[in-house]
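Report on the structure given below.
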Amino acid sequence: MTGLFWVIATASFATVAFLTYGVLSYFNSRKMVRDRFKKVSTDMMPLVYRGEDNGFKKQFLNWISSLGHYAKDGKEDDSKLRQSLIQAGFRHPKGTAIYFGLRFLLALLLPVLYLLANVMNGVMNRGNLLFCFLLAGSGFYVGPYLLRFITSRRQDRIDKALPDVLDLLIVCMESGLSLQATLNRVSDEVKGISMDLYKELQLTNAELKTGISREVALKNLGERTGVQNVKALVGLMIQSDRMGASIVQALRTHAAYLRVQRSQRAEEQAGKLPVKILFPLLLFIFPAIFVVVLGPAAVQMTKSSFLGGH
């Protein structure tokens with residue numbers, strides 16, 4: 001009887017232990033899968049914009065886009081503007097409406113703030129009203145210049161980081177990876193070098209995974225960035241893939257060309273420095289030197305003339 005009791009107790013304990021282990025393993029594996037998918041969803045750039053997590057930001061953008069719908073011109077201008085916004089890094093589906101809405105808001109906000117400042121100071125005249133119209137016009141038309149400035153800065157960052165990214169592409173392809181696997185690997189490694197190229201390569205990988213051909217995905221990469229060197233690189237890769245040539249050698253040649261171009265651009269900027277430094281030198285440094293050198297002599301001459309007069 002005692003032996004039967006111990007057998008039942010041991011079997012019960014083993015059953016409970018194995019059942020607990022199985023349940024814990026199941027939930028642990030589920031947690032690992034959820035964490036993995038969560039990491040992929042946060043690291044990968046989606047092709048379709050999913051919206052903002054911040055409710056206030058979402059409502060503000062919806063309100064701005066509703067303002068911008070009144071100022072939109074035509075479909076052709078809208079497509080060109082959308083391309084410019086994408087090259088600047090703005091991929092919101094209502095990007096064009098938000099752009100026009102921000103221009104309208106800026107044109108309204110600048111004169112209102114100026115009028116409020118004048119009312120608080122008690123200064124109101126016709127000149128202030130004329131200046132309000134100038135502020136409204138400048139606020140509406142300053143948008144394209146700001147967009148071009150942001151686009152130019154982003155393209156410069158991509159252009160500077162491109163040779164280092166090409167080195168990563170060469171190393172991965174020489175190790176035996178295919179072009180798509182290379183882009184997938186490099187897009188994960190390039191995040192610390194250039195966030196702009198990281199996002200663009202993630203989008204290219206997403207397009208390749210959806211079934212878009214390699215040629216179309218690479219062309220889209222060049223169009224999204226708008227950088228001439230990226231377009232040349234994309235054309236080189238497409239041509240090498242068509243002709244069956246070595247893409248690695250073409251990438252190495254293009255990387256060497258980009259580095260020579262970057263050094264030449266640095267030499268050009270260094271050659272412009274003497275002309276650029278001339279105006280600060282004349283306005284700020286030379287007057288201080290004149291005060292230090294001629295100041296004591298002027299004080300001594302003033303003292304001598306004062307003593308001689310007495």
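The values are calculated or read from the model by the stated rules, or taken from the named source; none is laboratory data. What you are looking at is a predicted structure, and each value in this text was computed from that prediction instead of being measured. Methodologically, a virtual Cβ is constructed for each residue, glycine included, from the backbone with ideal geometry; neighbour enumeration extends over all protein chains shown.
Look at V248 and say whether it is in the same structural domain as I170 (by TED's automatic domain parsing), within 32 Å of the chain's Cα centre (by Cα) and modelled with pLDDT under 85. In short, yes. When the stretch 70-92 is filtered for residues that are at pLDDT 70 or above and in a loop (DSSP other than H, G, I, E, B), the ones remaining, listed by number, are G89, F90, R91, H92.
Going by what's in this entry, would R224 be described as basic (K, R), assigned by TED's automatic domain parsing to the domain that holds A181 and at pLDDT below 85? If you could, list the steps in order and put the result at the bottom.
Numbers: basic (K, R): yes; assigned by TED's automatic domain parsing to the domain that holds A181: yes; at pLDDT below 85: no.
No, not satisfied.
From the list L115, L201, the one residue that fits, being over 26 Å from F90 (Cβ atoms) and assigned to a helix (DSSP H, G or I), is L115. Report, by residue number, each residue of the stretch 78-125 that is in contact (Cβ under 8 Å) with a residue 12 or more places away in the chain, among the small types (G, A, S) and over 20 Å from G137 (Cβ atoms). Hits for the stretch 78-125 are S84, A88, G89, G95, A97.
When restricted to residues that are over 17 Å from the mean Cα position of the chain (by Cα), charged (D, E, K, R) and surrounded by 16 or more Cβ atoms within 10 Å (Cβ to Cβ), the stretch 79-114 contains 2.
For the stretch 240-288, a residue qualifies if it is within 29 Å of G176 (Cβ to Cβ) and in contact with a Lys or Arg (Cβ under 8 Å, 6 or more places away or on another chain), and exactly one does: D241.
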